[in-house]
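The values are calculated or read from the model by the stated rules, or taken from the named source; none is laboratory data. Note that the coordinates shown come from a computational prediction; the quantities given were computed from them, not determined experimentally. Positions of Cβ are backbone-derived with ideal geometry, glycine not excepted, and every protein chain shown enters the neighbour counts. These accessible areas exclude ligands, DNA and RNA; they are computed on the full protein's heavy atoms, side chains included. Shrake-Rupley method; radii C 1.70, N 1.55, O 1.52, S 1.80 Å.
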Amino acid sequence: MAQLAAVVGVGQTKYKTKRKDVSIAGLVREAAQNALDNAGLTWKDIDAVILGKAPDMFEGVIMPELYLTDALGCNGKPMLRVHTAGSVGGSTAIVAASYVQSGVFQRVLTVSFEKQSESNAMWALSNPQPFSPHLNAGAGGYFAPIIREYVRRSNAPYDAGIKVAVKDRLHGARNPLAHLQLPEITMKEVEDSPMLWEPLRFLEACPSSDGACAMVITNEELASQSPGTPAWIRGTAMRSEPTMYAGREQVNPQAGIDCAKDVYKQAGITDPRKDLDCAEVYVPFSWYEPMWLENLGFADVGKGWELTMSGATSLDENGDIPWNPSGGVLSSNPIGASGMIRFAEAAQQVRGQAGGHQVDGAKTALGHAYGGGAQFYSMWVVSSEKG
Amino acid sequence: MRDVAIVAYAQSDCQGNAGAQNEVELIMPVLQEVYKQAGITNVQDVDFTCSGSCDYQQGAAFAFVSGVDALGAVPPIKESHVEMDAAWALYEAWLKIQTGQAESALLYGFGKSSPGELPIVLSQQLDPYYLAPLWVDSIAFAAMQARMMLEKGLITEADMAEVVARSRRNALANPHAQLKGEFSVEQLLAEPMYESPLRKHDCCPVSDGACAMVICTVEKAKEWGKPYAVIKGIDHRIETHHIGSRDLTRSVSTELAAEAVGVGNGPVDIAELYAPFSHQEIILKKALGLNNDTVVNASGGVLAGNLMMASGLSRIGEVAMRLIKGEGKRGVAHATSGPALQQNLVTVLEAQ
């Protein structure tokens with residue numbers, strides 16, 4: 001059966017529009033070195049490297065793990081490259097956990113990155129294909145109609161998305177690594193920003209960032225010798241469904257519901273709002289907070305926006321279940337790393353190492369990522385207790 | 001480590017040009033074939049699914065997403081993907097079975113290389129600052145490697161032609177092979193140079209197609225009542241990307257992986273090596289410590305047809321099927337990735 005595994009080191013880069021000061025190798029090396037330092041380890045302590053990133057077209061480098069092996073100290077060791085669309089950062093962490101849970105490896109390094117300034121992500125996602133209708137709209141254009149359907153069904157007030165946009169940026173202002181630093185942001189400022197894809201305004205969308213995130217994952221014995229508090233991995237789950245099929249529920253996808261149920265069951269969580277202390281959830285567009293509150297079982301269907309509007313998910317309003325205390329994807333979005341940042345921030349919360357955005361006394365946290373046409377999901381629950 | 005059983009494997013024909021067939025159409029027939037072999041209905045009957053492919057072959061971000069359409073993933077499934085040869089998808093699934101989180105898994109790899117110029121496309125997997133701008137293609141790298149071997153006196157051009165002649169001859173018995181026939185070493189050496197010292201036949205062809213496999217615990221294989229081969233060990237290693245820092249006449253990462261899985265701990269009856277260029281088969285045989293008692297590339301290997309992103313998994317499937325048929329007791333399969341054998345995976349398999 002699966003061995004216990006834990007996160008013992010987390011490293012991130014500063015997220016910004018263009019990291020012109022580093023190459024792609026320099027970017028991943030920075031995050032990885034930070035993770036090793038945080039774990040009190042050196043390169044030679046690592047048994048294997050598991051790398052994740054979103055499409056290779058974002059930088060124009062095919063299978064960049066080949067080129068990055070030197071920067072990641074992997075020569076002579078096993079290197080694996082995961083790619084599961086936007087959920088990849090989370091999936092990569094889960095695959096890395098399986099290296100240790102299998103008992104085959106004792107201590108692994110996992111890294112994910114995106115250097116989006118090397119190209120234009122929206123157009124890399126939109127090149128026409130011979131056998132499919134051409135979308136030509138990027139991710140925002142894809143998700144906007146689904147959000148409109150959510151608003152129609154739930155009768156949510158028009159400003160629920162605006163509220164999330166403000167809340168996550170105020171969280172981000174507590175996190176020095178966050179790309180957007182908007183401590184003075186107001187509801188009016190968001191409302192007055194240009195409408196991009198009805199009902200999503202400019203300030204309700206994620207930025208495009210350069211950045212990398214890394215974690216060191218070890219087995220139980222080595223985690224117990226680690227200098228910091230380990231974040232014990234209490235459950236991992238992944239689910240996929242096709243982009244399109246007759247009768248597909250796109251507002252509240254079944255794959256997300258199933259994935260959450262699976263990871264909660266492993267971690268012994270029956271009431272996520274009560275049993276979890278905080279959550280880092282992939283919210284690239286403001287309205288996905290109320291939508292995922294429902295999909296992940298924090299609120300009844302149609303009631304997610306009520307939780308958002310009540311301030312329950314806000315650190316600044318002393319909410320009982322803070323969502324995205326780091327500022328989330330709305331504050332930093334290096335796509336291939338964004339999922340791993342959610343997983344790593346969840347770990348930092350239960351390790352008590354989240355700094356200015358620490359949730360007081362957080363013991364158990366959810367990390368979540370999704371990708372494709374909201375069809376790929378990866379989630380983990382980490383805790384300061386082995387369980 | 002738990003033994004993991006390979007219970008089903010299928011590969012499509014290696015087609016020089018699959019025409020208007022899309023990836024889903026390439027994948028679906030091999031999936032149907034492995035379901036039939038394993039005696040299962042569809043993807044819902046396995047615990048985990050993992051695939052390998054490369055966006056740049058299709059020329060689209062998220063090429064693997066359409067692959068999911070071939071699966072029937074309703075209700076949703078536990079699924080993952082590597083941007084690597086599907087041999088590494090097998091590795092991810094093998095780990096999953098080791099954790100106890102899955103008892104069975106479906107794997108597939110696919111690629112349609114014909115629409116682009118594969119060797120040039122692959123030049124973009126090099127260091128983007130120092131190497132990729134030079135557009136050194138995959139054949140040029142292999143040619144440099146072969147040149148070094150020739151100049152060091154490690155091989156002769158006749159040795160390379162010998163590898164090709166055997167591949168073409170073995171492929172006569174492989175219905176999926178693209179290139180086959182009876183050729184003498186003299187005939188091959190009379191062919192003109194392509195990228196010196198490589199002749200065209202020293203290079204694998206570009207092929208479109210897919211392969212699929214079903215693996216499970218030995219207990220599950222017994223429950224299903226199907227014949228199987230057993231994965232006794234699987235390991236993979238990568239080495240430096242900087243070509244000038246490597247001894248190109250050796251494959252150090254293959255040697256490390258072979259050591260880790262204990263290739264030398266017993267006789268090897270059959271081996272399938274992912275050698276896209278004739279001289280690389282000679283490097284790999286040496287790195288794996290294989291002698292002339294081992295039947296190498298009885299399928300013809302990838303010189304007879306190379307399904308980029310599926311060929312590595314195919315090597316493992318080929319060995320497994322031959323062990324199931326009783327052609328040997330112990331076999332070795334190898335997969336590679338990157339320029340001039342930069343990354344390598346080695347699997348040791350045994351008959352039931």
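For this structure, a couple of remarks:
- Residues that are of a type in the set (A, V, I, L, M, F, W, C), open to solvent by 10 Å² or more (accessible area, probe 1.4 Å) and touching a residue at least 12 places away in the same chain (Cβ under 8 Å), drawn from region B:132-142: B:Trp135, B:Val136, B:Ile139, B:Ala140
- Residue list for region B:222-231, filter: in contact with a Leu (Cβ under 8 Å, 6 or more places away or on another chain) and more than 14 Å from chain A (Cβ to nearest Cβ): B:Ala229, B:Val230
- Listed conditions (1) farther than 13 Å from B:Gly111 by Cα; (2) surrounded by fewer than 20 Cβ atoms within 10 Å (Cβ to Cβ) are all met by B:Tyr9, apart from (2).
- Taking every residue in region A:158-187 that is over 21 Å from A:Tyr288 (Cβ atoms) and pairing it with any residue that is aromatic (Phe, Trp, Tyr) and surrounded by 23 or more Cβ atoms within 10 Å (Cβ to Cβ), at least 6 positions away or on another chain, the pairs with Cβ-Cβ distances below 7 Å are A:Leu177/A:Tyr15.
- Taking the criterion of being part of a helix (DSSP H, G or I), in contact with a helix residue (DSSP H, G or I) (Cβ under 8 Å, 6 or more places away or on another chain) and within 12 Å of another protein chain (Cβ to nearest Cβ), the residues of region B:79-97 that qualify are B:Ala87, B:Trp88, B:Ala89, B:Leu90, B:Glu92, B:Leu95, B:Lys96.
- A:Asp277 surrounded by fewer than 17 Cβ atoms within 10 Å (Cβ to Cβ) and either touching a residue at least 12 places away in the same chain (Cβ under 8 Å) or more than 14 Å from chain B (Cβ to nearest Cβ) (or both): no
- Residue list for region A:293-316, filter: under 20 Å from the mean Cα position of the chain (by Cα) and either polar (S, T, N, Q) or buried (at least 24 other Cβ atoms within 10 Å of the Cβ) (or both): A:Leu293, A:Asn295, A:Leu296, A:Phe298, A:Gly304, A:Thr308, A:Thr313, A:Ser314
- Evaluating B:Ala146 against the criteria (1) in contact with a helix residue (DSSP H, G or I) (Cβ under 6 Å, 6 or more places away or on another chain); (2) over 15 Å from B:Ala210 (Cα atoms); (3) more than 7 Å from chain A (Cβ to nearest Cβ); (4) modelled with pLDDT under 95 leaves one unmet condition, (4).
- Candidates B:Phe183, B:Phe141 - the one that is in contact with a Pro (Cβ under 8 Å, 6 or more places away or on another chain) and either closer than 22 Å to B:Glu318 by Cβ or of a type outside the set (A, V, I, L, M) (or both): B:Phe141
- Any hit, region A:149-160, residues being under 20 Å from the mean Cα position of the chain (by Cα) and basic (Lys, Arg): no
- Scanning region A:11-69 for residues that are open to solvent by 10 Å² or more (accessible area, probe 1.4 Å), facing chain B (nearest Cβ under 8 Å) and out of contact with any helix residue (DSSP H, G or I) (no Cβ under 8 Å at 6 or more places or on another chain) returns a single hit, A:Ser23.
- Members of region B:306-334 that are under 17 Å from B:Val263 (Cα atoms) and either under 9 Å from the mean Cα position of the chain (by Cα) or of a type in the set (A, V, I, L, M) (or both): B:Arg315, B:Ile316, B:Val319, B:Ala320, B:Leu323, B:Val332, B:Ala333, B:His334
- If the condition is being under 18 Å from B:Met308 (Cα atoms) and either among the acidic types (Asp, Glu) or away from chain A (no Cβ under 12 Å) (or both), then region B:1-25 contributes B:Tyr9, B:Ala10, B:Gln11, B:Ser12, B:Asp13, B:Cys14, B:Gln15, B:Gly16, B:Asn17, B:Ala18, B:Glu23, B:Glu25.
- Inter-residue pairs, beta-carbon under 7 Å, first over 13 Å from A:Glu221 (Cβ atoms) and in region A:97-111, second open to solvent by 10 Å² or more (accessible area, probe 1.4 Å) and aromatic (Phe, Trp, Tyr), 6+ apart: A:Tyr99/A:Phe105
- Enumeration of residues in region B:30-68 that are open to solvent by 40 Å² or more (accessible area, probe 1.4 Å), in a helix (DSSP H, G or I) and in contact (Cβ under 8 Å) with a residue 60 or more places away in the chain: B:Glu33, B:Gln37, B:Tyr56
- In region B:245-352, counting only helices (runs of 4 or more DSSP H) that sit wholly within it, the ones holding 3 or more residues that are more than 22 Å from B:Asn174 (Cα to Cα) and touching a residue at least 12 places away in the same chain (Cβ under 8 Å) span B:252-261, B:278-287.
- Residues of region A:58-98 that are part of a helix (DSSP H, G or I) and among the hydrophobic types (A, V, I, L, M, F, W, C): A:Phe58, A:Leu66, A:Leu68, A:Val88, A:Ala93, A:Ile94, A:Val95, A:Ala96, A:Ala97.
- Scan of region A:236-252 for residues that are open to solvent by less than 20 Å² (accessible area, probe 1.4 Å) and either at the interface with another protein chain (Cβ under 7 Å from one of its Cβ atoms) or touching a Lys or Arg at 6+ places or on another chain (Cβ under 9 Å) (or both), ordered by number: A:Ala237, A:Met238, A:Ser240, A:Glu241, A:Pro242, A:Val251
- Checked against the criterion of being assigned to a helix (DSSP H, G or I), over 24 Å from A:Gly361 (Cα atoms), among the hydroxyl-bearing types (Ser, Thr, Tyr) and touching a residue at least 60 places away in the same chain (Cβ under 8 Å), region A:304-315 contains not a single residue that satisfies it.
- Subset of region A:340-377 that is in contact with a Cys (Cβ under 6 Å, 6 or more places away or on another chain) and crowded, with 24+ Cβ neighbours inside 10 Å - its residue that is farthest from the other protein chains (Cβ to nearest Cβ): A:Gln349
- Filtered by the rule that a residue be facing chain B (nearest Cβ under 9 Å) and within 26 Å of A:Gln225 (Cβ to Cβ), region A:81-98 gives A:Ile94, A:Val95, A:Ala97, A:Ser98.
- Selected residue (criterion: farthest from the other protein chains (Cβ to nearest Cβ)) from residues of region B:232-264 that are open to solvent by 30 Å² or more (accessible area, probe 1.4 Å) and of a type in the set (A, V, I, L, M, F, W, C): B:Ile243
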